[in-house]
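Worksheet for the structure shown next.
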Amino acid sequence: MNDGDLDEQINLLMNCTILSETAVKQLCHKAREILLHESNVQPVRAPVTICGDIHGQFNDLMELFKIGGMVTDTNYLFLGDYVDRGYHSVECVTLLVALKVRWPDRITLLRGNHESRQVTQIYGFYDECVKKYGNASVWKMFTDLFDYLPLTALIEGEIFCMHGGWSPSLDSIDDVRELDRVTEVPNQGPVCDLLWCDPMDFGSGWSPSPRGIGFVFGRDVTEEMTHTNGLQVIARAHQMVMDGYSWAHEDKMLTIFSAPNYCCRCGNRACILEVDEKLRRTFMQFDRAPVRGKTYAVTRRLPDYFY
């Protein structure tokens, strides 16, 4: 697979056109080779633009690139949840993986809780793959690839990023480096927690999460974690917030969400965060983009609880 082939595929994907099953197989194989060399705590250089959940909202992903710039001009860090809920999970995740293969040093893709076999069989990605390809082969290619996505990223040693939150099983960032990430997301333990946990506005310590998996944690946990590891801030995604971003725990914990009008009904804005060379932060909010491309009706009623 040469750069010319990749550029042609990216152009197709930018126009909301799916690739052939054979092309997806080749793309996933190449992406796996790249991800094998990335760390559980992937180092990221500034300047970089941090993006939260995408959830198959293709038109809004195009709006994100319109605002933030294309990968040729902007370094990106995506915090996971590329699939499920929206109508174009296939196009979104294929495009992001193609961009990773084409410019591996300019885009970092972390794993979200939806990058799993169990969750995607409930929330739409599996059904979408079967509908668009006639079988589950592409779903299997991508879910196998998801096992290799890094769990966290560290921007210039000071901004620690993950999809969900911290874990009571971990003491330091070095502990994350020792984890075996090449697995289906387990239902408990540190890998699960990094993808599923949430900060809580009130209270301290750890409590079981109302999601039914993982934990919620208080300000004291964030303070200890940032102090122990010499961090400015923790940036994460995983929760829809109405303004696209939200601070917690005395501005040490930042949530970023990049899917506007989530599930076509929440009315929220989206946001991406631009971090410059001096780690100064600029929030760029945006609203839902005009619809383009073909939409696909969801044939299975999805659970009401928002994961």
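Within the range 262-286, the set of residues being in contact (Cβ under 8 Å) with a residue 60 or more places away in the chain, farther than 21 Å from Gly157 by Cα and either in contact with an Asp or Glu (Cβ under 9 Å, 6 or more places away or on another chain) or assigned to a loop (DSSP other than H, G, I, E, B) (or both) comprises Tyr262, Ala270, Cys271, Met284, Phe286. Residues in the range 180-196: is at least one crowded, with 17+ Cβ neighbours inside 10 Å, among the β-branched types (Val, Ile, Thr) and part of a loop (DSSP other than H, G, I, E, B)? Within the range 180-196 (the criterion being crowded, with 17+ Cβ neighbours inside 10 Å, among the β-branched types (Val, Ile, Thr) and part of a loop (DSSP other than H, G, I, E, B)), the answer is yes, since at least one residue qualifies.
Tell me whether the range 127-146 contains one or more residues that are open to solvent by less than 20 Å² (accessible area, probe 1.4 Å), assigned to a loop (DSSP other than H, G, I, E, B) and either farther than 24 Å from Ile107 by Cβ or modelled with pLDDT of 95 or more (or both). Within the range 127-146, none of the residues are open to solvent by less than 20 Å² (accessible area, probe 1.4 Å), assigned to a loop (DSSP other than H, G, I, E, B) and either farther than 24 Å from Ile107 by Cβ or modelled with pLDDT of 95 or more (or both). In the range 119-135 there is at least one residue that is closer than 30 Å to Thr226 by Cβ, out of contact with any strand residue (DSSP E or B) (no Cβ under 9 Å at 6 or more places or on another chain) and not acidic (Asp, Glu).
In summary, Ser204 fulfils each of the numbered conditions (1) part of a loop (DSSP other than H, G, I, E, B); (2) under 21 Å from the mean Cα position of the chain (by Cα); (3) of a type outside the set (A, V, I, L, M) with the single exception of condition (2).
Can you tell me which residues in the range 1-58 are open to solvent by 10 Å² or more (accessible area, probe 1.4 Å) and in contact with a His (Cβ under 8 Å, 6 or more places away or on another chain)? Listed by number, the residues that qualify are Cys16, Gln57.
The values are calculated or read from the model by the stated rules, or taken from the named source; none is laboratory data. Predicted, not measured: the structure shown is a model, and the values here were computed from it. Note that we place each Cβ from the backbone using ideal geometry, even for glycine, and neighbour counts take in every protein chain shown. When the accessible area is computed, the model is the full protein with side chains, heavy atoms only, and any ligands, DNA or RNA have been set aside. Shrake-Rupley method; radii C 1.70, N 1.55, O 1.52, S 1.80 Å.
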